[in-house]
Amino acid sequence: LVTAGGSTVTSDPITLTVAAANTSAARLTNLATRATSLSGANALVPGFVINGTGTKRVLLRNVGPTLTGFGLTGLLADPQLTLKRYDSATSAYVDVATNDNWGTTTALTTLVNTTASVGAFPLTAGSNDSSLLIDLAPGQYSAGTGGANNGTGIALLEVYDAGTATPTARLSNTATRGYVGTGGDIIIAGFVVSGPGPKTFLVRAVGPTLLGGSFNLSDAVVDPYLKIYRGDTLLRENDDWDSPAAAQPALRAAALQVGAFALRETRGDNPATGLDAALLITLPPGGYTAQMSGLDGLTGIGLVEVYEVP
């Protein structure tokens, strides 16, 4: 119906057919998170999930000393790396592999060649950075990190899809828990989307939900802020996941679809709920960063998550 000047005209009928989009072949290929690694429960902890069949070759790195070449100071002097896999039978994580100094790796040549093939910068010869190259079956993994002798400092945690063949197993989501500081000490999680085609992701910066339930982290950041960049271009940002309210159904549905835990919702008697940040975003192939800070300089433990949405 077209109405103008008090008169209405009805058009002829036209049928519009909307076809379903083709399934995207884009996938998540790596995650790199830079943040301050503290000691004990406040150490940086990256986690990731492998779905599919067969095995997936993964390159893991915990980098500190080599970052001096990028002009950074206050680095973690002796990073360590312990890979764990979740055992559903015991409901606990069990050790899979560990590394202290990357240069002690048995298959060092293969490690160096793989580092180059995935586009990662080389580690400084003789440095105390740590690295693992390993074939993993589908499952849920956690890479325990920290510094020798409870050392602290800035570290870069990296998880690379190092497979060379057409993948039957794939990284489907990644997450990093760590300390959210201010300025250069916020959590910066970089991730790469490989094509062809765009892919939809659920990206979350979680703090308040960590205060209760099974997490029970009393020092979680109470009001995180999430920004997603491509290069220097800000694509999207979010403060509270339940605002605007119109976005809640899609965020809940996506979390349920990918198996993510539910975020706390706003209640009148507890204004600290509903303050986690989350976005659904469709991205073409390329490199991106998800930056997690605390609103108005708030600090504490936070969790950055990036999920592929089928």
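The values are calculated or read from the model by the stated rules, or taken from the named source; none is laboratory data. Worth saying up front: this structure is predicted, and the values here are computed from it rather than measured. Neighbour counts run over all protein chains shown; Cβ positions are idealised from the backbone, glycine included. What goes into the accessible areas is simple: the full protein's heavy atoms, side chains included, and nothing from ligands, DNA or RNA. Shrake-Rupley method; radii C 1.70, N 1.55, O 1.52, S 1.80 Å.
Within the range 196-224, being open to solvent by 40 Å² or more (accessible area, probe 1.4 Å) and closer than 22 Å to residue 309 by Cβ holds for 196, 198, 200. Could you list, in sequence order, all residues of the range 161-195 that are in a strand (DSSP E or B) and either open to solvent by less than 10 Å² (accessible area, probe 1.4 Å) or at positive phi (or both)? Within the range 161-195, 169, 171, 174, 176, 178, 180, 187, 189, 191, 193 meet the criteria. Among the residues of the range 31-40, the one identified as farther than 29 Å from residue 194 by Cα and open to solvent by 60 Å² or more (accessible area, probe 1.4 Å) is 40. Modelled with pLDDT under 85, open to solvent by 60 Å² or more (accessible area, probe 1.4 Å), outside any strand (DSSP E or B) and among the small types (Gly, Ala, Ser): is that true of residue 77 in this structure? Considered against the rule, which asks whether it is modelled with pLDDT under 85, open to solvent by 60 Å² or more (accessible area, probe 1.4 Å), outside any strand (DSSP E or B) and among the small types (Gly, Ala, Ser), residue 77 comes out as no. For the range 9-30, the count of residues that are open to solvent by less than 20 Å² (accessible area, probe 1.4 Å) and either modelled with pLDDT of 90 or more or assigned to a strand (DSSP E or B) (or both) is at least one. Which number in (1) at pLDDT below 90; (2) assigned to a helix (DSSP H, G or I) marks the one condition that residue 66 misses? Of (1) at pLDDT below 90; (2) assigned to a helix (DSSP H, G or I), only one is false for residue 66: (1).
Quick grid of which residues meet (1) of a type in the set (Ser, Thr, Tyr); (2) outside any strand (DSSP E or B); (3) in contact with an Asp or Glu (Cβ under 7 Å, 6 or more places away or on another chain); (4) over 14 Å from residue 205 (Cα atoms):
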residue	(1), (2), (3), (4)
222	no, yes, no, no
226	no, no, yes, no
247	no, yes, no, yes
255	no, yes, no, no
265	no, yes, yes, yes
278	no, no, no, no
282	yes, no, no, yes
304	no, no, no, no
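Report, by residue number, each residue of the range 113-135 that is assigned to a helix (DSSP H, G or I) and surrounded by fewer than 17 Cβ atoms within 10 Å (Cβ to Cβ). Correct list: 113, 116, 117.
Screening 237, 158 for residues that are of a type outside the set (Gly, Ala, Ser), closer than 20 Å to residue 34 by Cβ, part of a strand (DSSP E or B) and open to solvent by 70 Å² or more (accessible area, probe 1.4 Å) leaves exactly one candidate, 237.
If the condition is being touching an Asp or Glu at 6+ places or on another chain (Cβ under 8 Å), open to solvent by 50 Å² or more (accessible area, probe 1.4 Å) and within 20 Å of residue 131 (Cβ to Cβ), then the range 94-112 contributes only 100. Pairs meeting the criteria (first residue in the range 124-138 and under 11 Å from residue 65 (Cβ atoms), second residue charged (D, E, K, R) and outside any loop (DSSP other than H, G, I, E, B), beta carbons under 9 Å, at least 6 apart or on different chains) are 129/61; 130/61.
Screening the range 41-55 for residues that are modelled with pLDDT of 90 or more and open to solvent by less than 10 Å² (accessible area, probe 1.4 Å) and picking the one that is farthest from residue 151 (Cα to Cα) gives 50.
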